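The values are calculated or read from the model by the stated rules, or taken from the named source; none is laboratory data. Quick caveat: nothing in here was measured; it's all calculated off a predicted structure. Because the Cβ atoms are built from the backbone with ideal geometry, glycine has one as well, and the counts that use them run over all protein chains shown.
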Amino acid sequence: MDLKNIALNGGLKHTVNFEVLADGTLPPATEIKIRQIPVRDYDAGFGFVDDEPALVGFLCAKDKAWALTLAPDSYEDVLVKGRAVNQKGFFSFCQRRMERAEKQNASMISAMATLPADVVKLAMETGLAKQNRSASPTPLPGFAPPPGR
């Protein structure tokens, strides 16, 4: 893989195959570009790191639904070649960002370890209560809002 040409072309051309459709037809093989992710898209792409099919789509400037139609061998090829094309760049950025998050989590856990147990318990209960709150709560049967002022 010639990284200089990949950088000049903004990615790597690759032919992909698709799975057979429900009606039994086989879509034709298609040439796509496994793109070199531009720095401006790093933040958006980081959200796909834990969703591999979405990441495969992102690497090809497609969506997750498109990636899910690929034949397994093409899916794997895009993932492997996409990692190679973006190793020095997007995936390095993702690694650094994950390392920072791990350090922040470790620091927070260390700070919590110095707090009294009742304070930690209250913080955890408050956090769980916030998580469990519905964005639009459903009123109980028979509930009437107070009259307006």
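Please work out which residue is modelled with the lowest pLDDT, limiting yourself to region 69-93 and to residues that are surrounded by 14 or more Cβ atoms within 10 Å (Cβ to Cβ) and in a loop (DSSP other than H, G, I, E, B).
It comes out as 89.
Failed condition for residue 123, given (1) exposed (fewer than 10 other Cβ atoms within 10 Å of the Cβ); (2) small (Gly, Ala, Ser); (3) modelled with pLDDT of 65 or more; (4) closer than 30 Å to residue 46 by Cβ, with all others met?
It fails just one condition, (1).
Identify all residues within region 27-45 that are among the hydrophobic types (A, V, I, L, M, F, W, C) and touching a Lys or Arg at 6+ places or on another chain (Cβ under 6 Å); write none if there are none.
Within region 27-45, the subset among the hydrophobic types (A, V, I, L, M, F, W, C) is 29, 32, 34, 37, 39, 44.
Matches in region 27-45: 34 only.
Can you tell me which residue within region 28-39, out of those that are modelled with pLDDT of 95 or more and assigned to a loop (DSSP other than H, G, I, E, B), is surrounded by the fewest Cβ atoms within 10 Å (Cβ to Cβ)?
So, considering only residues that are modelled with pLDDT of 95 or more and assigned to a loop (DSSP other than H, G, I, E, B), the one surrounded by the fewest Cβ atoms within 10 Å (Cβ to Cβ) is 28.
Has region 40-57 got at least one residue that is in contact with a strand residue (DSSP E or B) (Cβ under 6 Å, 6 or more places away or on another chain) and either closer than 16 Å to residue 87 by Cα or part of a loop (DSSP other than H, G, I, E, B) (or both)?
We begin by selecting, within region 40-57, every residue in contact with a strand residue (DSSP E or B) (Cβ under 6 Å, 6 or more places away or on another chain); these are none.
No; the residues of region 40-57 include none that is in contact with a strand residue (DSSP E or B) (Cβ under 6 Å, 6 or more places away or on another chain) and either closer than 16 Å to residue 87 by Cα or part of a loop (DSSP other than H, G, I, E, B) (or both).
Search region 95-112 for residues that are within 13 Å of residue 49 (Cβ to Cβ) and pair each with any residue that is hydrophobic (A, V, I, L, M, F, W, C) and surrounded by 10 or more Cβ atoms within 10 Å (Cβ to Cβ) when their beta-carbon atoms are under 7 Å apart and the residues are at least 6 apart or on different chains.
From residues that are within 13 Å of residue 49 (Cβ to Cβ), the pairs are 97/46.
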